[in-house]
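Engineer: This structure is in structure tokens; I'll ask about it shortly.
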Amino acid sequence: MPFCLSRFLPPIIAMLLLLLFLFTGLLKIDHIKEKSDFLLSNMAFFFIPAGVKVVEHLELVSSIWLPFLIIVIVSTAAVLLVTAAAVTLVMKAGERRKTK
């Protein structure tokens, strides 16, 4: 398996399994609520390593700042749109379950 896939594939598989287990009812929201609340409330700490790396490579980043800025804006917008679509889907699925 290529190096890049071996680093990114496990988290994707884990998220898909979590989604599958939540949709099938094998895992209840109550089982993961406390842990997810903790992770969400401390999310800023997960961005510290990325920020440190940007500062470490500030010379490189400053030489390519425009493409870097465009990539950051486009990827942020893409993540926002996909997240909004996913939340909408999950909310509609929850409403359908409640009406049954």
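The values are calculated or read from the model by the stated rules, or taken from the named source; none is laboratory data. These numbers come from a predicted model, not from an experiment. Cβ placement follows ideal geometry from the backbone for every residue including glycine, while neighbour counts extend to all protein chains displayed.
Engineer: Out of (1) modelled with pLDDT under 90; (2) exposed (fewer than 10 other Cβ atoms within 10 Å of the Cβ), the odd one out for Glu34 is which?
Structural biologist: Unmet condition: (1).
Engineer: What do you reckon, is Ala50 within 30 Å of Ala93 (Cβ to Cβ), within 15 Å of the chain's Cα centre (by Cα), small (Gly, Ala, Ser) and part of a helix (DSSP H, G or I)?
Structural biologist: It is false that Ala50 is within 30 Å of Ala93 (Cβ to Cβ), within 15 Å of the chain's Cα centre (by Cα), small (Gly, Ala, Ser) and part of a helix (DSSP H, G or I).
Engineer: Only one residue in Ala77, Ala93 is assigned to a helix (DSSP H, G or I) and either surrounded by fewer than 10 Cβ atoms within 10 Å (Cβ to Cβ) or touching a residue at least 60 places away in the same chain (Cβ under 8 Å) (or both). Which one?
Structural biologist: From the options Ala77, Ala93, the qualifying one is Ala93.
Engineer: One residue is enough: does the stretch 29-36 have a residue meeting the conditions outside any helix (DSSP H, G or I) and charged (D, E, K, R)?
Structural biologist: Within the stretch 29-36, not a single residue is outside any helix (DSSP H, G or I) and charged (D, E, K, R).
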